[in-house]
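K.L.:
Below you'll find the structure I mean.
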Amino acid sequence: MATINAPTHEPAAGSPTRAVIDTFDRYVVPNYRRFPVCLTRGSGSRVWDAEGNEYLDLVPGWGCNLLGHCPEPIVRAVQEQVARLIHVPNTWYTEPQGEWARLLSERSFGGKAFFCNSGTEAHEAAIKLVRLRTDGRRHKIITFRGGFHGRTMGSVSATAQPKYHEGLGPMLAGFSFAPHGDLEAVEKLVDEQTGGILVEPILGEGGVVPAPAGFLEGLRRIADAHDLLLVFDEVQCGCGRTGTWFGYQHFGVTPDVITLAKSLCAGIAGGAMLTRADLALHLRPGMHAATFGGNPIAAAAGIAAIRMIEEEGLLDQVKTTAEIFRERLEELRSRCPAVVAVRVIGMMIGVELAIDGAAVVEDCLEKRLLVNCTQGRVIRLLPAMTITPAEIHDGCDRLGDAIVEAAARA
Ligand SMILES: *Cc1c(COP(=O)(O)O)cnc(C)c1O
């Protein structure tokens with residue numbers, strides 16, 4: 001393939017991409033590391049840049065675009081809704097918000113929804129709920145090393161990774177951290193001021209690591225023994241991605257609260273906290289809010305996403321699709337010592353390497369393949385539930401070549 005405007009290189013002077021980057025350099029806060037690529041449109045697992053290059057996207061929207069780029073049923077639902085009612089405040093009832101809450105409740109543990117716009121906001125709501133339940137007497141929350149819960153001050157304080165705290169102190173008080181999987185450490189941290197435990201059932205940013213056997217069951221036991229709220233962060237693993245509606249459904253452990261965002265609205269901004277119905281009473285009128293939370297467009301997209309997953313049988317399809325990924329990646333591991341481990345939980349995939357993953361991401365980009373790297377050495381894939389077998393084979397060919405080439409250089 002001729003490499004015109006190699007995407008990891010400086011875009012040529014006078015190119016459309018150069019012009020966009022120059023505008024960003026002047027006007028946009030530089031808080032993101034960006035590849036020198038300007039994406040202009042997408043369809044399914046394909047995306048195109050301003051130079052006309054086509055990419056295969058194995059991490060569409062960093063997990064937000066659960067159903068691929070611009071899925072037709074979501075586009076249609078949003079177009080219809082946006083022409084009827086864009087936004088009204090939560091002082092009024094709307095049909096889509098109630099319907100959305102009902103669909104989520106029926107597919108989880110029968111609780112109630114608080115809607116917001118992002119994962120971090122969903123955790124802020126959960127932190128408040130833990131505190132409000134005991135009028136602040138038991139404000140402490142135990143979280144886990146390697147977890148990630150968001151960037152606002154409450155959620156970042158809950159995130160037990162020092163790199164996210166740098167320069168931001170003091171953190172919000174009340175969080176204590178246990179090693180992931182260590183029930184004894186959790187027991188030791190519980191005191192009379194502890195009100196909750198917050199954990200990802202499957203670590204996402206932490207390297208795509210499912211809870212070890214017995215861990216979530218143990219947390220449920222500890223929570224019940226000490227009257228703590230068990231909160232599962234399902235921002236990355238929820239909403240069907242892993243082949244069940246929610247991550248916790250793989251483990252047979254029911255939490256009291258789950259937080260959702262990312263894929264919740266198939267690419268439209270939206271977040272939610274689902275809570276047991278009896279706990280919902282602690283969030284009384286005036287105690288918490290999000291202006292755009294549960295807005296008609298997000299709700300229309302969220303409803304359309306659930307319907308599309310069911311009408312197209314995507315929860316079952318994901319199981320088959322995941323097996324193709326597993327076979328291909330295990331085959332790669334068997335012939336490439338740079339691949340240390342392969343973890344496939346539906347469309348949540350981690351390929352742990354013995355070499356630097358950032359270089360592999362760059363090599364993939366040269367091959368017009370979009371993947372992500374987390375924790376330095378884990379290639380993370382969050383493919384669309386709609387990805388086709390042909391696309392998986394194509395993607396695994398390119399990823400395999402990139403890893404083998406990077407290993408040869410290392
Ligand atoms: C992305 C993520 C968050 C934060 O979500 P935002 O929408 O970026 O605030 C929280 N928890 C997990 C597990 C995530 O993957």
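K.L.:
Which net charge results when you count Lys and Arg as +1 and Asp and Glu as -1 among the other residues whose beta-carbon is under 14 Å from that of VAL186?
P.N.:
Details: positive: LYS140, ARG145, LYS188, ARG220, ARG221; negative: ASP182, GLU184, GLU187, ASP191, GLU217, ASP224.
So the surrounding residues net to -1.
K.L.:
Also, I was wondering about something else. Give the separation of the Cα centroids, segment 109-124 to segment 357-371, in Å.
P.N.:
Cα centroid to Cα centroid, the span is 34 Å.
K.L.:
Which pairs break 30 Å Cα to Cα here: LYS112/LYS188; LYS262/LYS367; LYS188/LYS319; LYS128/LYS319; LYS188/LYS262; LYS163/LYS319? Write down the numbers at each step before the final one.
P.N.:
Working: LYS112/LYS188 32 Å; LYS262/LYS367 27 Å; LYS188/LYS319 38 Å; LYS128/LYS319 36 Å; LYS188/LYS262 33 Å; LYS163/LYS319 35 Å.
Correct reply: LYS112/LYS188; LYS188/LYS319; LYS128/LYS319; LYS188/LYS262; LYS163/LYS319.
K.L.:
Measure nothing fancy, just the Cα-based angle from helix 296-311's long axis to the longest principal axis of the chain, in degrees from 0 to 90, nearest 10.
P.N.:
Orientation of helix 296-311: about 70 degrees from the principal axis.
K.L.:
Any chance you could check the Cα centroid distance between segment 282-350 and segment 130-173 for me, in angstrom?
P.N.:
25 Å
K.L.:
Mind ranking 257-270, 103-116 by how tightly packed they are, going by the mean number of other C-beta atoms within 10 angstrom, highest first? Intermediate results must be reported in sequence, preceding the final value.
P.N.:
Details: 257-270: 27.4, 103-116: 19.7.
Packing proxy ranking, top to bottom: 257-270, 103-116.
K.L.:
Now a separate question. What angle do you read, to the nearest 10 degrees and between 0 and 90, between the alpha-carbon axis of helix 215-226 and the longest principal axis of the chain?
P.N.:
20 degrees
K.L.:
For a quick check, take a GNM of the chain with Cα springs below 10 Å and name the residue from PRO96, PRO212, PRO71 with the largest mean-square fluctuation.
P.N.:
PRO212
K.L.:
Turning to a different aspect of this structure: Over segment 1-88, what is the relative contact order in percent, taking alpha-carbon pairs closer than 8 angstrom and at least six residues apart? All intermediate terms of the calculation are to be shown ahead of the outcome.
P.N.:
Working: 73 pairs, mean separation 17.5, N = 88.
For segment 1-88, the relative contact order is 20 percent.
K.L.:
So for segment 85-311, averaging the separation of alpha carbon pairs under 8 Å that are six or more residues apart and normalising by length, what relative contact order in percent results?
P.N.:
Numbers: 429 pairs, mean separation 66.8, N = 227.
Once divided by the residue count of segment 85-311, the mean separation gives 29 percent.
K.L.:
So, with a 1.4 angstrom probe, what is the percent of accessible area on the chain that is carbon and sulfur?
P.N.:
On the way: 9970 of 18030 Å².
On the chain, the fraction of accessible area on carbon and sulfur atoms equals 55 percent.
K.L.:
How high is the relative contact order of the chain, given as a whole-number percent (alpha carbon pairs under 8 Å, six or more residues apart)? Don't skip to the end; give the middle numbers.
P.N.:
Numbers: 782 pairs, mean separation 86.6, N = 410.
For the chain, the relative contact order is 21 percent.
K.L.:
Rounded if a/c is under 1.5, else prolate if a/b beats b/c, else oblate: with a ≥ b ≥ c from the C-alpha gyration tensor eigenvalues square-rooted, which is segment 194-322? If you can, show how the numbers build up before the last one.
P.N.:
Values: a/c = 2.11, a/b = 1.10, b/c = 1.92.
Taking the square roots of the gyration eigenvalues as a ≥ b ≥ c, segment 194-322 is oblate.
K.L.:
Say we join alpha carbon atoms closer than 10 Å with springs in a Gaussian network model of the chain; which of PRO73, PRO296, PRO170 then has the biggest fluctuation?
P.N.:
PRO170
K.L.:
Classify segment 120-228 as rounded, prolate or oblate from the Cα gyration tensor: take a ≥ b ≥ c as the square roots of its eigenvalues, call it rounded if a/c is under 1.5, otherwise prolate when a/b beats b/c and oblate if not. Present the calculation step by step, with values, prior to reporting the outcome.
P.N.:
On the way: a/c = 1.66, a/b = 1.04, b/c = 1.59.
It comes out oblate by the Cα gyration axes.
K.L.:
How large is the accessible surface per residue of segment 284-376, computed with a 1.4 Å probe and reported in Å² as a whole number? All intermediate terms of the calculation are to be shown ahead of the outcome.
P.N.:
Values: 3800 Å² over 93 residues.
On a per-residue basis, 41 Å².
K.L.:
Going by a ≥ b ≥ c, the root eigenvalues of the Cα gyration tensor, does segment 30-165 fall in the rounded group (a/c under 1.5), the prolate group (a/b larger than b/c) or the oblate group?
P.N.:
Details: a/c = 2.39, a/b = 1.26, b/c = 1.89.
Oblate.
K.L.:
When the chain is modelled as a GNM with alpha-carbon springs shorter than 10 Å, which of TYR32, TYR164, TYR248 fluctuates the most?
P.N.:
TYR32
K.L.:
Can you compute the helix-only [θ] at 222 nm over the chain? Use -39500 (n - 2.57) per DSSP H run of at least 4 residues, normalise by all residues, nearest 500 deg cm²/dmol. Don't skip to the answer; put the middle values down first.
P.N.:
Details: 12 runs with 151 residues, N = 410.
Calculated mean residue ellipticity at 222 nm is -11500 deg cm²/dmol.
K.L.:
Roughly how many Å is it from the Cα centre of segment 57-91 to that of segment 212-244, as a whole number?
P.N.:
Between the Cα centres of segment 57-91 and segment 212-244 lies a distance of 28 Å.
K.L.:
Please give the net charge around ALA359, taking every other residue with its beta carbon less than 14 angstrom from that of ALA359, where Lys and Arg add +1 and Asp and Glu add -1.
P.N.:
Result for the local shell: -3.
The values are calculated or read from the model by the stated rules, or taken from the named source; none is laboratory data. Since we're looking at a predicted model, the values are computed, not measured. A quick note on method: Cβ atoms are made from the backbone with ideal geometry, for glycine too, and the neighbour counts reach across all protein chains shown. Only protein heavy atoms, including side chains, enter the accessible area calculation; ligands, DNA and RNA are left aside. Shrake-Rupley method; radii C 1.70, N 1.55, O 1.52, S 1.80 Å.
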